[in-house]
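Data first, discussion second: the structure below is written as C-alpha cells.
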Amino acid sequence: MIIYFDENMPVVLANGFDILIKGLYKDVEVRSIKQTFGAGTPDEKWIPIVGQEGAVVITQDLNIGRKRAQIALFKAHQLGIVFLVPPGKGGYSYWAMVEQIVAHWPEIYKKSLVTSRPFAFDINPRSFRQIQL
C-alpha cells in the first residue's frame, strides 16, 4: 500500500514516516506528493496516477472535500483520502501534525485496507470518522 502526504505537508514528514513505519508496516510505503510529482502539480495530474496505484492521500487541504471537481476526481479514480483537520484556524504545527498521524496511524492503516473505495475520513484531536464526499 502507498500512502501519500499532500503537498501542504512537509516532505521530511513523509520521508520520516516511511522510515519509522518499516519496523511494523513492511507493506506500506509513504511518499510525498511534492517530492514525487513536483511542487505545484495540479490535482488533475496526480490524482489519476495515485488512484491507479490504489493509494491513500493524507492532507490538510480541507478545500479538496468542498470542490466538486476534486471530489469527482477522487471518486472517478477510486482514491482514499484522510483529512487532517486542525482544532483551530491556521493548521497544525509540525509536531502537532506528527502527534495526530502517530496517534491515528493504526486506524489509517486498517481503514485503508478494508474500506471500499473511494473513501474519506477525517482526523481531529478527538476523533477519527468516515465522512461523505
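Rule-based calculations on the coordinates, nothing more; no lab input. These numbers come from a predicted model, not from an experiment. Ideal geometry is used to build each Cβ from the backbone, glycine not excepted, and the neighbour counts take in all protein chains shown.
Could you list TRP95, TRP105, TRP46 in order of exposure, starting from the residue whose Cβ has the fewest other Cβ atoms within 10 Å? Working shown, then result.
Working: TRP95 8, TRP105 17, TRP46 22.
Starting with the residue having the fewest Cβ neighbours, the order is TRP95, TRP105, TRP46.
Can you tell me what share of the DSSP beta bridges in the chain is antiparallel? A percent to the nearest 5 is fine. Before the final figure, lay out each step's value.
Numbers: 4 of 20 bridges.
Antiparallel bridges: around 20 percent, rounded to the nearest 5.
Give the long-range amide H neighbours of VAL57: residues separated by 5 or more places, or on another chain, with amide H under 5 Å away, using H modelled in the peptide plane at 1.01 Å from N.
TYR4, GLY80, ILE81, VAL82
How do MET97, MET9, MET1 line up, fewest other C-beta atoms within 10 Å first?
On the way: MET97 19, MET9 24, MET1 15.
Ascending Cβ contact count within 10 Å gives the list MET1, MET97, MET9.
What is the chain's relative contact order, in percent, from Cα pairs under 8 angstrom and six or more apart in sequence?
Values: 195 pairs, mean separation 29.2, N = 133.
The normalised contact order for the chain reaches 22 percent.
How many nm separate the modelled label positions at ILE19 and THR115, each set 7 Å beyond the Cα in the direction of the Cβ?
2.9 nm
Going by how many other beta carbons lie within 10 Å of each one, how would you line up LYS111, LYS45, LYS75, fewest first? Numbers along the way, then the final one.
Values: LYS111 17, LYS45 10, LYS75 14.
The fewest-first ordering by Cβ neighbours comes to LYS45, LYS75, LYS111.
Efficiency by 1/(1 + (r/R0)^6): what FRET value for GLN35 and ASN63, r their Cβ-Cβ distance, R0 = 30 Å, to the nearest 0.05?
Values: r = 22 Å, r/R0 = 0.72.
Between GLN35 and ASN63 the formula returns 0.85.
Taking each full run of DSSP H in the chain as one helix, which ones are at least 24 Å long along their axis (Cα atoms) and have mean Kyte-Doolittle hydropathy of at least 0.0?
Numbers: long enough: 94-114 (29 Å, 0.12).
Within the chain the helices that satisfy the rule are 94-114.
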